[in-house]
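Single-structure report; data block below.
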Amino acid sequence: MLFSKIRHIQLLGVRYRSSHYVTTPIFYVNAAPHIGHLYSAVIADAHCRYQRLRYPDTEVRLCTGTDEHGTKIQQAAAAHEVPVGQYCDEISARYREVFKAARIEYDDFIRTTEQRHKLAVSDFWHRLQSRGHIYSAAYSGWYCVSDETFLTDSQLRLDEASGARYSLESGHPVEWTEETNYMFPLSQFQDDVRHWVKQEARIRPAKFEKILLDTLSEPLPDVSISRPANRVHWAIPVPNDETQTVYVWLDALINYLSSLGYPNEQYLAHWPPAQQVIGKDILKFHGIYWPAFLLAAGLEPPRQLHVHSHWTVDGQKMSKSKHNVVDPVEAAKQYTMEGLRYFLLREGVAHSDGNFSHVKALRILNSELADTLGNLLSRACAKSLNPQQMYPEAHVEHLSQLLQHLDAGKRLQEALFHLAGRCEQHYEGNHFHLVADTAIAALHAANNFFECAKPWELKAGGSSPNAQRLQTIIAMTMDALRLCGIVLQPMMPQLTSRLLDKLNVPIAQRSWRHLGESFATATSGNGPESHQLDEHSSALLFQRIVEQQDKPREQRAQSAAQSKRSKSKRERKTSATMS
């Protein structure tokens, strides 16, 4: 079997290295980016940030970009009455802007209109051709312009009233097409692709593995890998035949190679991808066509496809006709980009569609970021409790008393003791919602501990008999904040950076291995040495989001409070004058 032979050769070679190559899909520029596109990028970015945090000796590489060829691009540019090249430039730039705002830390942004990519496509075509995997034939079938793919009868829905046919999966209309194209013998690689899919943890979540195996249980038709240039002119010409252009999906998939420098041998330093993040709508192309193309070219397919589901808005599918497409830039004006990033990872699960709800976003961001996390930091840094603005050390005697005699202290210790192990397990599976669950649960335990320990009843000041107990309470609370800040870095890089800055945690002490340094573990002491907080950093991490209609009410409340303070001040002055 071809896949087995390729794998055997690579096991004998020298290619196993400390590299972790991750890709997002390249995004089609027929429309501006929406939260579904951002979600793909945020998943990949959070995954890579975790890899760097957990495995600092591994070279992690993240690539993203835009897919800029095909009929839909021609049509979109015409609809906007601009040249196709200019249209692609403008939309591609918008993706860069959104990713920059969301702190997507990519190593390369590839565009399929770049010369380096065109050279890679040409070489890959020649590679397939030289191995006898391209032939010319007359082709006819139902073609979906929107999905850029031919469909079989079993993949269609017939509208009895109009006689029109539509894709069962996407709902887009199809048209009967007859043309002479270049073909790829997909059927020859069906067994190899099935063998690849069945490898452990190859397709995740597992439900998508089953979908692929169901498709592979039926004979696969050969694939048309070119289109007549007079029909699809905005595409890469087929080498040595300008009457045909390369099928947009073959062109697009090769970006994962061209981004690494293919066909120059430098690409071998990172190939194959450790993980490719894709949406469920492009599973067939990445889970069947892509491994077949690679196997035919003598290259190893990716080690894993991480497939995520889509986003609905208030329970409805996003669509232009419903005017409910969520623009990340507009959403960030209300939730902040960091808040939007957290919400997508917190609420989204790969195996089922997520629901973007304004009410839910407000509840989660206010409850978890403003109250549970932000308020705890503000209380621990309050000058009334911490006048010297210190991250103090825990005193052994008082620490022992708090852990032995205060149930809330025991619960906090338990939560922090398991924090690293549980979050590591969740990150390894890209279960970001479970990472958030674990960290927020630890922060709830910290808030409960703070309430039960009642530090406000202890007098502040170095000479007070209660000073050491107060310092220990603050130290335990700040340990919880520090550890949760470290584990949440991949999900919220900006907010956690501000948190750790305020706690004055050095950059070199924010890695995964430093999760073992706290009062909750006995392996590496009781946490960091006593040190000053950063006076230049704010203890306000996340401002509560207030509904627009609530703002006048809040402003009235503030005015009433100001009026009450002014009245009280006048009364004190009058009283002082009379006396």
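The values are calculated or read from the model by the stated rules, or taken from the named source; none is laboratory data. Model, not experiment: these values are computed from the prediction. Please note: Cβ atoms are built from the backbone with ideal geometry, for glycine as well, and neighbour counts cover all protein chains shown. Note: accessible area is taken over every heavy atom of the protein model, side chains too, but ligands, DNA and RNA are not part of it. Shrake-Rupley method; radii C 1.70, N 1.55, O 1.52, S 1.80 Å.
Go through segment 360-371 and give me each residue that's surrounded by fewer than 18 Cβ atoms within 10 Å (Cβ to Cβ) and under 13 Å from residue 340 (Cα atoms).
Listed by number, the residues that qualify are 360, 363.
Among the strands (runs of 3 or more DSSP E) confined wholly to segment 115-170, which include 2 or more residues that are without any contact (Cβ under 8 Å) to a residue 40 or more places away in the chain and not aromatic (Phe, Trp, Tyr)?
135-144, 156-158, 165-167
Just to be sure I understand, how many residues within segment 187-229 are on the phi < 0 side of the Ramachandran plot and either among the aliphatic types (A, V, I, L, M) or open to solvent by 70 Å² or more (accessible area, probe 1.4 Å) (or both)? Can you show your working first?
Looking only at segment 187-229, we keep the residues that are on the phi < 0 side of the Ramachandran plot, and these are 187-200, 202-229.
Those still in the list that are either among the aliphatic types (A, V, I, L, M) or open to solvent by 70 Å² or more (accessible area, probe 1.4 Å) (or both) too: 188, 191, 193, 197-198, 200, 203-204, 206-207, 210-214, 216-221, 223, 225, 229.
Of the residues in that region, 24 qualify.
Among the listed residues 500, 434, 483, identify the single one that is hydrophobic (A, V, I, L, M, F, W, C) and in contact with a Gly (Cβ under 6 Å, 6 or more places away or on another chain).
From the options 500, 434, 483, the qualifying one is 500.
Somewhere in segment 15-32, is a residue in a helix (DSSP H, G or I) and open to solvent by 40 Å² or more (accessible area, probe 1.4 Å)?
We begin by selecting, within segment 15-32, every residue in a helix (DSSP H, G or I); these are none.
No, there is no match, as no residue in segment 15-32 is in a helix (DSSP H, G or I) and open to solvent by 40 Å² or more (accessible area, probe 1.4 Å).
Could you please tell me which pairs satisfy a Cβ distance under 8 Å, a separation of 6+ or placement on different chains, a first residue in segment 433-460 that is under 28 Å from residue 345 (Cα atoms) and open to solvent by 50 Å² or more (accessible area, probe 1.4 Å), and a second residue that is in a helix (DSSP H, G or I) and among the β-branched types (Val, Ile, Thr)?
Note: pairs meeting the criteria are 444/372.
Residues in segment 430-459 that are among the polar types (S, T, N, Q), assigned to a helix (DSSP H, G or I) and under 22 Å from residue 52 (Cα atoms): how many? Spell out how you get there, then give the answer.
Let us first name the residues in segment 430-459 that are among the polar types (S, T, N, Q), namely 430, 438, 447-448.
In the following step, the residues that additionally are assigned to a helix (DSSP H, G or I) were identified as 438, 447-448.
Then drop every residue that is not under 22 Å from residue 52 (Cα atoms), which leaves 438.
Looking only at that region, the number is 1.
Open to solvent by 70 Å² or more (accessible area, probe 1.4 Å), at pLDDT 95 or above and not hydrophobic (A, V, I, L, M, F, W, C): which single residue out of 482, 498 fits that description? Break it down into steps so the answer makes sense when it comes.
Values: 482 fails: open to solvent by 70 Å² or more (accessible area, probe 1.4 Å).
After ruling out the rest, the residue left standing is 498.
Restricting the first residue to segment 54-73 and requiring it to be in a strand (DSSP E or B), which pairs with a second residue that is among the small types (Gly, Ala, Ser) and open to solvent by 10 Å² or more (accessible area, probe 1.4 Å) meet a Cβ separation below 9 Å and a spacing of at least six or different chains?
Qualifying pairs under 9 Å: 59/18; 59/19; 59/269; 60/19; 60/274; 61/19.
Tell me, which helices (runs of 4 or more DSSP H) lie completely within segment 185-269 with 1 or more residues that are within 22 Å of residue 19 (Cβ to Cβ)?
Numbers: elements: 190-197, 206-216, 248-253, 255-258.
The qualifying helices (runs of 4 or more DSSP H) are 190-197, 248-253, 255-258.
Residue 484 fails exactly one of the following numbered conditions: (1) over 21 Å from residue 537 (Cα atoms); (2) of a type outside the set (Asp, Glu); (3) touching a helix residue (DSSP H, G or I) at 6+ places or on another chain (Cβ under 7 Å). What is the number of that condition?
(1)
Just checking: which of the helices (runs of 4 or more DSSP H) contained wholly in segment 340-429 hold 3 or more residues that are modelled with pLDDT under 95? Give the steps one after another, and end with the answer.
Working: elements: 358-364, 376-380, 396-405, 407-428.
Where helices (runs of 4 or more DSSP H) fall fully within segment 340-429 and carry at least 3 residues being modelled with pLDDT under 95, they are 396-405.
In segment 283-321, what residues are among the β-branched types (Val, Ile, Thr) and out of contact with any helix residue (DSSP H, G or I) (no Cβ under 9 Å at 6 or more places or on another chain)? Walk me through how you get there before you give the answer.
Within segment 283-321, the subset among the β-branched types (Val, Ile, Thr) is 288, 307, 312-313.
Selection gives 312 alone.
Go through segment 87-114 and give me each residue that's closer than 24 Å to residue 238 by Cα and part of a helix (DSSP H, G or I).
Listed by number, the residues that qualify are 87, 88, 89.
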